[in-house]
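Undergrad: Have a look at this one before I ask anything.
Read-outs: derived from the displayed coordinates by stated rules, not from any lab. In this text, all values refer to a predicted model and were calculated from it rather than measured experimentally. Heads up, the Cβs are rebuilt from the backbone with ideal geometry, glycines too, and the neighbour counts pull from every protein chain shown.
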Amino acid sequence: MTAISGARPVPLWIDCLNEDLTPRASLKGTTSVDIAIVGGGFSGLWTAYYLLERDPSLRILVLEKEYCGYGASGRNGGWCEGALAGGTEKYAKRSSQDAALRLEHAMFETVDEVKRVIEHEGINCGFQKGGLISLARNAPQAERQLAEVQAAKSQGFGEDILRLLEPDEARQHLNATNIHSGTFFSPSASIDPGRLVRGLASAVESHGGKIVEETTVLSIEGRNVVTSHGEVTAEVVIQATEAFTRDLKGGKLDLLPVYSRMIATEPLSDSLMTEIGLINRPTFNDGRYIVIYGQRTEDNRIAFGGQGKPPYLFGSRIDPTIANNESSHEVIWQTLIELLPQLKDVAITHRWGGVLAIPRNWLPGLRYDKSSGLGVLGGYVGEGVAAANLAGRTMADLVLDLQTDIVSLPWVGVHPRRWEPEPLRWIGVRASRRLMGSADAYETQTNKTAWLAMKVAHMLRGD
């Protein structure tokens, strides 16, 4: 028996939904619509929502292989963070510094836009804008935090966006081990992603959109979508398939499906919660290279995740049994206990996992070709809750040819090159992961920056 052996191998967010999860009806034969959206996660549903908000007369059909929220949208860490994985510098290189900063500001504002829709549609998903606490737990992490805050200041961002925390203040936010310093990033909220994605699906239907589930899309051929239950003809086709793009004909090398795992504790007592902190329900992580992420849920659990092992399966395979691998969840638990030893004797009630999508250039983005009617969005590298909202809003404006501020943001038109064939990408992913793991261990043991390991890892990633 291990600490997580008694945990239910299902996502907390889905298991605690207070609704019937019976899938909607599947597609019934050939049909024609104005806009077909492939994928019933955040990207597809936000796109549908904003299209209908702008033009309620549109005939919109969302096609989902399982049920809305089955993929990353119902399995993630519940971070609605106003940031993109690509970072300012990469977007500035393909546009300008000013354009990249406009994108950053748009992401800050997106957190409040998500809140607006949640309140307008009456979606009860535990939204709490408590910010993001990032801890530095060794000297190299503290040095990187200081450089990050100084860079933000040089770009015009004040302490209302990002500020440095002294050790005692950081510990008040989160009473973790080995705290050297911390940062507080304000444009971030914690949510229950399961309730958000399900509520968003209902909102799309209430505005006139149609959703079919248990309908596998086999291929997108021009303006025709070929499915397991018939064909759909549309003037516009939006591909919002994230990691499951590998299942589309010809899509295996477009995005890399990488596994992340999560665990959740039982609801904690008020006294234990007071000892830990997280008073305003901020999301939290630390400065290690192999990313961890956590939040205090609305019912006082700690939901916590990380990459686990293995991170990637040969041939971009997606296997549900790997997502629920017990030994991998044990690694996540050990990481949590090392961070917060106060939780050592607390029961773990849920454990789960799933795949996120990584583009070859590690840049989230979207593109729309008016001549072909095809739109593609995604590749969020695990930071898609808020990003999918901005992407869906932008895609709606592009489709409707609206000249808004967001259609000229520098992530519009991003089209990364495809991943290398096997075994090159398997070797690259495993090697990069091993190097980052060794870099974390070296920095913790020596308090020195692992320059060489990270330089090689960045080369493998194509940075």
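Undergrad: Rounded, prolate or oblate, given the Cα gyration tensor of segment 1-143, with a/c below 1.5 counting as rounded?
TA: Judged from the Cα gyration tensor, segment 1-143 comes out oblate (a/c at least 1.5, b/c at or above a/b).
Undergrad: Counting other beta carbons within 10 Å of each residue's own, what order do C16, C125 fall into, fewest first? Mind showing how you got there, number by number?
TA: Numbers: C16 18, C125 23.
So the ranking, lowest neighbour count to highest, is C16, C125.
Undergrad: Next question, about the same structure. So how many Å³ per residue does the convex hull of the Cα atoms of segment 350-460 work out to?
TA: On the way: hull volume 18.9 nm³, N = 111.
Given the Cα convex hull of segment 350-460, per-residue volume reads 170 Å³.
Undergrad: Taking the Cα centre of the chain as origin, work out the dipole magnitude from +1 charges on Lys and Arg Cβ and -1 charges on Asp and Glu Cβ, in debye rounded to 20.
TA: Charge dipole of the chain: 1380 debye, to the nearest 20.
Undergrad: What net charge do the residues around A72 carry, taking every other residue with its C-beta under 11 Å from that of A72, with Lys and Arg at +1 and Asp and Glu at -1? List each step's numbers first, then the result.
TA: Values: positive: R75; negative: E242, E383.
With Lys, Arg at +1 and Asp, Glu at -1, the neighbours total -1.
Undergrad: In addition: Which aspartates and glutamates have a Cα less than 18 Å from the Cα of K153, not counting those fewer than 8 places away in the same chain?
TA: Correct list for K153: E89, D98, E104, E143, E166.
Undergrad: Provide the percentage of antiparallel DSSP beta bridges, counting only those with both residues in the chain; round to the nearest 5.
TA: Working: 48 of 71 bridges.
Bridges in the chain that DSSP calls antiparallel: roughly 70 percent.
Undergrad: Using square roots of five times the C-alpha gyration tensor eigenvalues, list the equivalent-ellipsoid semi-axes of the chain in whole Å, biggest first. Please report the intermediate quantities before stating the final value.
TA: Details: eigenvalues 231, 119, 102 Å².
Semi-axes from the Cα gyration tensor: 34, 24, 23 Å.
Undergrad: Something else about it: So what is log10(I(q)/I(0)) for segment 358-398 at q = 0.20, 0.21, 0.25 1/Å, when the Debye sum runs over its Cα atoms only?
TA: Treating every Cα as an identical point scatterer, log10 I(q)/I(0) equals -0.60, -0.65, -0.84.
Undergrad: Got a sec? How would D192, D98, D397 order by Cβ neighbour count within 10 Å, fewest to most? Each step should come with its number before you reach the end.
TA: Numbers: D192 25, D98 9, D397 20.
If I rank by nearby Cβ atoms, fewest first, I get D98, D397, D192.
Undergrad: Now a separate question. Mind listing the Cα extents of segment 276-424 along all three principal axes, in Å, largest one first?
TA: Here the spans come out as 59, 44, 25 Å, largest first.
Undergrad: How long is the gain from E113 to E205 if the chain were fully straight, where each residue apart is worth 0.36 nm and the alpha carbon distance is subtracted? Please list the in-between numbers first.
TA: Details: separation 92, 0.36 × 92 = 33.12 nm, distance 1.99 nm.
Full-extension gain reported as 31.1 nm.
Undergrad: Antiparallel as a % of all DSSP beta bridges within segment 264-418, to the nearest 5?
TA: So the antiparallel bridges in segment 264-418 amount to around 95 percent.
Undergrad: Also: Loop-only GluC sites (Glu not before Pro) in segment 313-361, please: DSSP not H, G, I, E or B, and at most 11 other Cβ atoms within 10 Å. Kindly include the intermediate steps, with their values, before the conclusion.
TA: Details: sites: E326, E330, E338; in loops: none.
Counting only loop positions with at most 11 other Cβ atoms within 10 Å, none of the GluC sites (Glu not before Pro) in segment 313-361 qualifies.
Undergrad: OK, next. Can you check what the net charge comes to around Q141, using other residues whose Cβ is under 14 Å from the Cβ of Q141 (Lys, Arg +1; Asp, Glu -1)?
TA: -1
Undergrad: If you don't mind, there's one more thing I want to ask. Which pairs in the list K370/K455; K93/K370; K129/K210; K90/K129 are over 29 Å apart, alpha-carbon to alpha-carbon?
TA: Numbers: K370/K455 40 Å; K93/K370 25 Å; K129/K210 31 Å; K90/K129 27 Å.
From K370/K455; K93/K370; K129/K210; K90/K129, over 29 Å: K370/K455; K129/K210.
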